[in-house]
Amino acid sequence: MTNPLVSVIIPVFNTKRTLKRAVQSVCQQTYSNIELILIDDGSTDGSGELCDVLATKDPRIRTIHQPTNQGVEEARYRAIQESQGKYVMFCDSDDWMIKDIVEKCVEIAEREEVDAVHFQQYRVYDNLGLWKQKVTSRTTAVKLSQQDVMTDIYPSYFGRSAAYVGLCSFCFRKSLLEKSDILPLGQKIGEDSMFMLRVMPQMRSLYLSNIYGYGYVQTHAGTTSKYHLWVLEEMKRLYHFKLECIEKYNVEPTSFDFAAYELKNNFLHHIKEMLILGEQKENIIKFIHKELQEPIYNHLFEVYATKDDLPPINQAVKTKNAEKMVLLLTPIAQKKKRKRQIKNILMPILRIL
């Protein structure tokens, strides 16, 4: 097996408490031919200074400082442009990589001559990684051709599954990224989806492994501050982008329907957040009436017009019955709020363990 250089990119923004752990998980990999790029995205909590300190401890670490916070899209893009490896991998600064994942990905990529290797994640709830759950559960490995990728995997991005969204679950051949349109689009939420929607069609081949190689740390229990309308607006922007991709790459027509269902779920999630955060019922009802007048929901209503066996909440959406939506979502929101309160108590304790 050859020993190609692998560039591991960690975007950093105000994560001083967890940064060292993420960096160590890369530096202690069983595969040593690594360059680690720490891209400090205008941190204000001392994370940028810590990046510089860590870089003095291992010659494989390189730090890039963004003068102001520009978002993870911009940070990753700049790091990719400056990376020198044959392969590129990503790690978030509050997560960690399992110690042999780089070695395993390189071995697979070189042996199978694929453009990317996908591996699986644990969702982790404590600092030692003892309390964790499998996010995905693929039991067998398979190599996919470009046609297989576009037929079997790409349609999942349109509301069917999130299994292949996260960048931190891939080892990419850098040449794949170089020929893909990965220019930042200014997306605040769902930026991983926008990235993969453009990279996946360029893959000549993809290896889906059954290896677990990443610990995704559940760092908080959910929204703890005011829920802003821009969150839903970002998801609507992503919806429009997905429609463009469906047409551009001639994705199976049902993907349009699934994208509409996903938009509806984001809309309902927004209502639940408003309930959790104590928004007045009359204001929520006004929001629902106004929101459902937008043309973006037209396809959803076209699909629902053909269906009579909808669950109660979807039937309420179909009939634009705002009062019924609030009535049905209130107990769900209350239960979710209680769970968050419990997690907010337990998570700090678990992080100390």
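The values are calculated or read from the model by the stated rules, or taken from the named source; none is laboratory data. All values reported here derive from a predicted model rather than from experimental measurement. Glycine gets a Cβ as well: all are built from the backbone with ideal geometry, and neighbour counts include every protein chain shown. Heavy atoms of the whole protein, side chains included, go into the accessibility calculation; ligands, DNA and RNA do not. Shrake-Rupley method; radii C 1.70, N 1.55, O 1.52, S 1.80 Å.
Assorted remarks:
- Under a 5 Å amide H cut-off, with hydrogens placed 1.01 Å from N, I39 pairs with I10, V12, I64 among residues at least 5 apart or on other chains.
- Residues whose placed amide H lies under 5 Å from that of I98, excluding near-sequence neighbours: Y214, G215
- Angle between the chain longest axis and helix 322-352 axis [Cα atoms, degrees, rounded to 10]: 30
- Efficiency of FRET from Cβ geometry, D181 and H269, R₀ 41 Å, rounded to 0.05: 0.90
- Surface composition of the range 135-266: carbon plus sulfur atoms contribute 51% of the solvent-accessible area (1.4 Å probe, protein chains only, all chains present).
- In Hz, Karplus ³J(HN,Hα) per residue of the range 268-277 (6.51, -1.76, 1.60; θ = phi - 60°; x = Gly, Pro): 5, 4, 4, 5, 4, 5, 4, 5, 4, 8
- If R0 is taken as 35 Å, the Cβ-Cβ distance between Q146 and N298 corresponds to a FRET efficiency of 0.60.
- From phi via Karplus (6.51, -1.76, 1.60), per-residue ³J(HN,Hα) for the range 141-146 in Hz, x at Gly/Pro: 9, 8, 9, 10, 7, 4
- Stretched out straight at 0.36 nm per residue, the stretch from V135 to I332 would grow longer than its current Cα-Cα span by 68.6 nm.
- Helical runs (DSSP H, four residues minimum) scored at -39500 (n - 2.57) apiece and divided by the length of the chain put the mean residue ellipticity at 222 nm at -14000 deg cm²/dmol.
- Beta bridges per DSSP, both residues in the chain: antiparallel share near 40 percent.
- Approximate spin-label separation E323-A55, in nm, with each point projected 7 Å along Cα-to-Cβ: 6.2
- Charge-dipole axis of the chain as Lys and Arg at +1 and Asp and Glu at -1 on Cβ define it, positive-most pick from L275, F172, N265: L275
- Phi-based couplings in Hz for the range 233-239 (Karplus 6.51, -1.76, 1.60; Gly and Pro marked x): 4, 5, 5, 5, 5, 5, 4
- With R₀ fixed at 35 Å, the C-beta to C-beta distance from T44 to D308 puts the FRET efficiency at about 0.05.
- Pairs from the table (K290/K336; K264/K286; K286/K343; K20/K236; K57/K99) lying more than 28 angstrom apart at Cα are K286/K343; K20/K236.
- The range 57-124, accessible surface, carbon-and-sulfur percent (1.4 angstrom probe): 43
- Heavy-atom accessible area per residue - the chain, 1.4 Å, Å²: 48
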